[in-house]
Amino acid sequence: MKRYGFKILFGLLCLSFGMTGKCLLHAQPYQSENLSRGLVAIPVDEGMYLSWRMTLNDAPNIAFDLYRQSGDEREVKLNETPIRQTSDFVDRTVNWTVDNRWSLRQDGHEVASWTHRKEEEQKPYLSIPIQRPEGGEVAGEHYTYRANDASVGDLDGDGEYEIVLKWDPTNSKRPPQRGFTGKTYLDAYKMNGQRLWRIDLGWNVRSGAATTNFLVYDFDGDGRAELCCKTGDGTVDGTGQVIGDAKADWRTWDRQSPTYGKIVNGPEYLTVFDGQTGRALDTQEYIPTRYPLDGWGGIGGNCGNDNTGGRSDRFTACVALLDGQTPSPVMIRGWYGRTVLAAWTFKKGKLRPLWTFDSAQPGLEAYSGMANHGVSVADFDGDGYDEICVGAMTVDHNGQGLYSTGLRHGDALHVGRLIPSRPGLQVYGVHENEGDNEIVRRTPAVAMFDGATGEIIWQDGLGKDAGRGVAADIDPRYEGAECWCNVGGLRRGDTGAVISEQKPNSCNFTIYWDADPLAELLDHTSISKWNWKTETTDLLMKAEGVVSNNGTKGNPCLSGDILGDWREEVIWASEDQTELRVYVTTIPAKDRRVTLMNDRQYRLAIAWQNVAYNQPPHVSFEMK
């Protein structure tokens, strides 16, 4: 039986919770996950902090009660009046010397529970045990494994998110680098640490941030999420079955070859795996092939090219509702020159190609060299269907080019209601300018443009190389987002005017962590807040005993609203790689809002967060 709730939301749907109205913007039929309350409890100095999820299915005046049973004592009600203003509560009377069970109730019926045993350590995070793969040796080089990027989906249909975790070998490589890598593994874990399955992508899928992207989403609408990713000969699914030729080895072993250790020959596949078992459901030939190897260069980046598998092995991926309702995996190959998007559908157990957009086709020359190290998905033109922005170009839901800005390849990419006084969505692009030539000199470091038309609203830093940048509302004095990058100071999102030569001390992820609607800053293993009064950055939380991912990029395994109320959680791996630690804000809320995962653009952003150069998710509406 399908567990999806179908919401037909015309125009602006505004749900008022508590004292103020909080809106989510949807303008088309939308399949939303059938999520549980996501109750979570974290020990704090004052007692036990509890937080739970609100959804679009909830009535505006819905009320909750909290009960606690301590040891063998009689159950007690904790709240004096029904809980309506927020969806959190601090139990200040808990006795830690006995077992405690909290019961969240609505209309007298239990809708969620949480248990804390007396022998449990009181930790400021949730601990999820993980099972590190054994290391190995290839071509004389020893490697081990570290927990890397993660995603979430309801894999078994119980209304709770499970975590899909990528294990990255310590010898993973960027596409231009010669040399061998260890295998990549994908694990699925329930929140209690139970491992559902492990997928071994095999020797014929090279390990690296630019090559191994994975999508976790319910593609066929049966209420259980699937996993979709690129595979190769020798990939082993979660039940032990091998895809393709188990004995094939397509790696280059010739030490004198410029492709030594790379994979530039052999078949490439796209596979959908069952979320509950890891079983391969269907495998098709990957679109497009890598050939010709020298057909992927162009005006993006340093305007270069190669025939050694560097340009051809640059991938991103995303999920898009191309018809407004059905989730489609979209696989993207090529950043700096030729860019190809291949959209698929997964229905009745079969992967089928839907359309292919190829910038090498006649008439599409303006789309070459425009792709970023990331991707974003949204209804950019307001027609109810999703479009795919891969940087300085956007492809329409039907596989036709929507527009190209001509601003070339870039790195960071942010999409949202960045300028509320303008209609629709805006895109803040951060552009890579390497070398010195006429093309580079006329490319801006940063630009803000209209998401529907590509009209450039403002740009700056011609010829400068801005590898990283952020757009987020961190200053209440100005409308919408503020923008900054590794070049220059802090800017207004609407005009590009410089607010201050000072800027936040990080240029990485954002996160909703405290009780106000302004965004906080997530960088490596800390969360900070921009103090617009003093023009300094204030530390809110520093996680100890954990590590960030992807080198200097300092990403978490995942950040997003996966538990509790509308504020976001962040997942890091422990230093010893034995657990994932899920950090939940314990700052009491001031109001209550619908889970961000009920916003279509935000939910799709969680699906693509792990691809290539990770970027934070954004909602489709103004947070206020």
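The values are calculated or read from the model by the stated rules, or taken from the named source; none is laboratory data. Everything numeric in this text was worked out from a predicted model, so none of it was measured. Cβ coordinates were reconstructed from backbone atoms using ideal geometry, including for glycine residues, and neighbour counts include every protein chain displayed. Each accessible area value is taken on the protein alone, full model and side chains, heavy atoms only, with ligands, DNA and RNA left out. Shrake-Rupley method; radii C 1.70, N 1.55, O 1.52, S 1.80 Å.
I need every pair where a residue in the range 243-267 that is part of a strand (DSSP E or B) has its Cβ under 8 Å from the Cβ of a residue that is among the hydrophobic types (A, V, I, L, M, F, W, C) and open to solvent by less than 20 Å² (accessible area, probe 1.4 Å), sequence separation at least 6 or different chains.
What qualifies is ARG251/PHE180; ARG251/ILE263; ILE263/VAL205.
Take the residues of the range 525-570 that are without any contact (Cβ under 8 Å) to a residue 12 or more places away in the chain and among the hydroxyl-bearing types (Ser, Thr, Tyr): which is least open to solvent (accessible area, probe 1.4 Å)?
Checked the range 525-570; the qualifying residue least open to solvent (accessible area, probe 1.4 Å) is THR534.
What strands (runs of 3 or more DSSP E) completely inside the range 364-428 contain at least 1 residues that are open to solvent by less than 10 Å² (accessible area, probe 1.4 Å)?
Where strands (runs of 3 or more DSSP E) fall fully within the range 364-428 and carry at least 1 residues being open to solvent by less than 10 Å² (accessible area, probe 1.4 Å), they are 371-378, 387-391, 393-395, 410-416.
If you check ALA447 against the conditions, is it in contact (Cβ under 8 Å) with a residue 24 or more places away in the chain, in a loop (DSSP other than H, G, I, E, B), under 25 Å from THR552 (Cα atoms) and open to solvent by less than 10 Å² (accessible area, probe 1.4 Å)?
Here the answer is no, as ALA447 does not meet what is asked.
Within the group LEU186, LEU270, LEU281, LEU227, which residue is open to solvent by 20 Å² or more (accessible area, probe 1.4 Å), within 24 Å of ALA343 (Cα to Cα) and touching a Phe, Trp or Tyr at 6+ places or on another chain (Cβ under 7 Å)?
LEU281 is the lone residue from the list that is open to solvent by 20 Å² or more (accessible area, probe 1.4 Å), within 24 Å of ALA343 (Cα to Cα) and touching a Phe, Trp or Tyr at 6+ places or on another chain (Cβ under 7 Å).
Applying the selection to the range 95-116, what residues are among the charged types (D, E, K, R) and either closer than 15 Å to ALA41 by Cα or in contact (Cβ under 8 Å) with a residue 40 or more places away in the chain (or both)?
Result: ASP99, ARG101, ARG105.
Is there any pair linking a residue in the range 58-77 that is within 15 Å of ARG101 (Cβ to Cβ) and basic (Lys, Arg) to one that is open to solvent by less than 80 Å² (accessible area, probe 1.4 Å) and in a loop (DSSP other than H, G, I, E, B), with Cβ under 8 Å and at least six apart or on different chains, and which?
ARG68/GLU75; ARG68/LEU78; ARG68/VAL94
Could you say which residue among GLU520, GLU535 is on the phi < 0 side of the Ramachandran plot and of a type in the set (Asp, Glu)?
From the options GLU520, GLU535, the qualifying one is GLU520.
Among the residues in the range 357-375, are any in contact with a helix residue (DSSP H, G or I) (Cβ under 7 Å, 6 or more places away or on another chain) and touching a residue at least 60 places away in the same chain (Cβ under 8 Å)?
Within the range 357-375 (the criterion being in contact with a helix residue (DSSP H, G or I) (Cβ under 7 Å, 6 or more places away or on another chain) and touching a residue at least 60 places away in the same chain (Cβ under 8 Å)), the answer is yes, since at least one residue qualifies.
Please state which one of ASN61, ASN57, ASN79, ASN100 is within 25 Å of the chain's Cα centre (by Cα) and either modelled with pLDDT under 95 or on the phi < 0 side of the Ramachandran plot (or both).
Result: ASN57 is the single residue among ASN61, ASN57, ASN79, ASN100 that is within 25 Å of the chain's Cα centre (by Cα) and either modelled with pLDDT under 95 or on the phi < 0 side of the Ramachandran plot (or both).
Return yes or no: is GLN609 of a type in the set (S, T, N, Q) and closer than 21 Å to MET191 by Cβ?
yes
Quick one: is THR586 assigned to a loop (DSSP other than H, G, I, E, B) and more than 18 Å from MET623 (Cα to Cα)?
Yes, satisfied.
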